[in-house]
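First up is the structure itself, then whatever we jot down about it.
The values are calculated or read from the model by the stated rules, or taken from the named source; none is laboratory data. What you see is a predicted model, and the numbers here were worked out from it, not measured in a lab. Reconstructed Cβ throughout: ideal geometry from the backbone, glycine too, with neighbour counts over all protein chains shown.
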């Protein structure tokens with residue numbers, strides 16, 4: 001489970017503050033209070049969400065869904081943050097949740113809300129994530145792109161083109177996770193995927209380079225050998241190279 005740190009925004013308007021105080025559901029009120037607090041406490045925020053999501057799924061939906069169009073972006077972000085967990089392993093509301101999140105994304109412009117929606121797919125495990133998140137692969141905000149790559153990892157088999165694009169991202173964090181997704185989170189083996197991994201063998205980011213080498217070694221691609229040998233000779237701290245050497249018969 002990946003819980004993202006929240007970003008502060010403008011204070012909630014006084015009219016909304018009154019409305020929140022009048023809520024007659026204690027767990028919802030607590031979640032809203034944490035979401036709109038001027039003091040960010042991520043532990044308290046996610047604890048409030050954890051307590052709320054344990055309620056009967058349709059009850060939670062009825063409480064949370066109206067916030068999808070709220071004026072306050074912090075409350076719009078509360079929608080995916082809650083619904084991604086509702087119903088436990090059975091996830092009875094996945095289809096409705098995905099449809100709602102897609103509708104929200106069609107109009108959403110606030111990066112923090114887009115991040116929350118993208119990260120919801122980490123737990124929703126829905127194959128439509130590739131199509132839903134595709135427009136945000138090249139979003140101008142690196143935080144959004146990072147959330148997108150995390151949202152795509154659980155369905156990596158269905159998101160190869162998106163992960164290839166993200167593996168070339170200017171953000172080393174995004175490149176790293178995308179390369180990990182291509183190399184180790186899917187059994188897909190195509191020339192395009194191998195080329196994307198090979199392009200990361202000289203990446204300036206150490207872990208991205210290691211993920212690329214391991215991904216190629218898993219596919220028995222000899223292009224990884226020079227990098228593996230060099231890194232092992234230089235006593236690289238990344239264990240990817242020792243594993244890759246075994247896969248390619250360079251060590252036992």
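So here's what we get for this one:
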item: Checklist (1) in a helix (DSSP H, G or I); (2) under 21 Å from residue 157 (Cα atoms) applied to residue 207, failing item; result: (2)
item: Total residues in the range 43-58, condition assigned to a helix (DSSP H, G or I), touching a helix residue (DSSP H, G or I) at 6+ places or on another chain (Cβ under 9 Å) and under 13 Å from residue 31 (Cβ atoms); result: 9
item: Test result for residue 115, touching a residue at least 60 places away in the same chain (Cβ under 8 Å), within 17 Å of residue 68 (Cβ to Cβ) and part of a helix (DSSP H, G or I); result: yes
item: Residue check for residue 199: more than 19 Å from residue 134 (Cα to Cα), crowded, with 16+ Cβ neighbours inside 10 Å and modelled with pLDDT of 95 or more; result: no
item: Residues satisfying the stated conditions in the range 26-39, i.e. surrounded by 14 or more Cβ atoms within 10 Å (Cβ to Cβ) and either in a helix (DSSP H, G or I) or touching a residue at least 12 places away in the same chain (Cβ under 8 Å) (or both); result: 27, 28, 29, 30, 31, 32, 33, 34, 35, 36
item: Candidates 107, 168 - the one that is in contact (Cβ under 8 Å) with a residue 24 or more places away in the chain and not in a helix (DSSP H, G or I); result: 168
item: Checklist (1) assigned to a helix (DSSP H, G or I); (2) over 20 Å from residue 128 (Cβ atoms) applied to residue 181, failing item; result: (2)
item: Filter result (crowded, with 24+ Cβ neighbours inside 10 Å and either modelled with pLDDT under 95 or more than 20 Å from residue 112 (Cβ to Cβ) (or both)) within the range 53-96; result: 86
item: Selected residue (criterion: nearest to residue 207 (Cα to Cα)) from residues of the range 233-242 that are surrounded by fewer than 18 Cβ atoms within 10 Å (Cβ to Cβ) and under 31 Å from the mean Cα position of the chain (by Cα); result: 238
item: Test: residue in the range 122-137 that is out of contact with any helix residue (DSSP H, G or I) (no Cβ under 9 Å at 6 or more places or on another chain) and loosely packed, with under 15 Cβ neighbours inside 10 Å; result: no
item: Hey, residue 229 surrounded by fewer than 24 Cβ atoms within 10 Å (Cβ to Cβ), in contact (Cβ under 8 Å) with a residue 12 or more places away in the chain and not in a loop (DSSP other than H, G, I, E, B) or not; result: yes
